[in-house]
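Notes to accompany the following structure.
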């Protein structure tokens, strides 16, 4: 398996991306969780274009990428796992867990930092949440994220195959948990004990800050439960909840130019709304 992943990384990653995207898009049409009357074409084109631009930027700016760093670590024997002689299988598993925790922590940081939020708000500005929202990230956010992953891989000396598998799973999980797909309550309750489900992650896209600043995980739900950032459901219910950013209503965020320029626009706008008061509260 390690050799298969490292020798055929581009083909495997592209096949996984296309397969999960096609599957979740089909399920959105067949089993939608929320009724969306808006035209998808412009949003989907923008969201996929952002992913393509981000990928191209990575290839130009840091062509080594996380996998390249891992291969260098293996050849030169640097990183904690190599220095302490950690068995390959254990290093493989620990790398997957550590990188997933890193993505969780990074996600929290992008919400807490004013500077980082200006890039991340492009993701949250999507007025609807579906499978393509899972790849809608500003190219600069993608670049920063890769830099953090490269540093972590170098520090750990993570196996290259583990890094590739993590990237594939992370990408697939992001498309899955953003998908507008109806999953039965019992199935959802069972799944979210381990993985982040669409209903769980959709809470994170609420217009209200107390919900938006919850459910940061992308792959496994453990981190949110462990660090107290888990919220089961939005107060207004899954089908009635408002998603996106109130400062940026549709159709503006659906445009590619708007999405690329937004981080450099007015920094005082684009914050989630204060917590909505319950009925009867003062």
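May I ask you to work out the translational diffusion coefficient for the stretch 1-128 at 10 °C, viscosity 1.306 mPa s, via Stokes-Einstein with Rh from the Kirkwood sum over Cα pairs, reported in whole µm²/s?
Diffusion coefficient, whole number: 87 µm²/s.
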Efficiency of FRET between residue 246 and residue 40 - r from beta-carbon atoms, R0 22 angstrom, step 0.05: 0.50
Ranked on Cβ counts within 10 Å of their own Cβ, fewest leading, 120, 128 go 128, 120
Applying the gyration tensor rule to the Cα atoms of the stretch 174-223 (axes a ≥ b ≥ c; rounded if a/c under 1.5, else prolate if a/b exceeds b/c, else oblate), the class is prolate
Using the Kirkwood radius built from alpha carbon pairs, what does the Stokes-Einstein equation give as D for the stretch 141-270 at 20 °C and 1.002 mPa s, in µm² per second? 128 µm²/s
Isotropic mean projected area of the C-alpha convex hull, the chain (nm²): 15.8 nm²
What is the pair-distance distribution P(r) of the stretch 66-131, computed from all Cα-Cα distances in 5 Å bins starting at 0, with each bin given as a whole percent? 3, 14, 15, 17, 14, 11, 11, 10, 4, 1
Dividing the alpha-carbon Rg of the stretch 218-282 by 2.2 N^0.38 Å yields what? 1.48
For the stretch 31-82, I need the span (max minus min coordinate) of the C-alpha atoms along each principal axis, in Å, sorted largest to smallest. 54, 27, 12
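Taking all pairs of distinct Cα atoms, average 1/r, flip it, and tell me the Kirkwood hydrodynamic radius of the stretch 69-196 in Å to one decimal place.
The Cα-based Kirkwood calculation yields 16.2 Å.
Bear in mind these aren't lab numbers, they're just calculated from the coordinates by the rules spelled out. If you're wondering where the values come from, they're calculated on a predicted model, not measured in any experiment. Here Cβ is always computed from backbone atoms with ideal geometry, including for glycine, and neighbour counts include all displayed protein chains.
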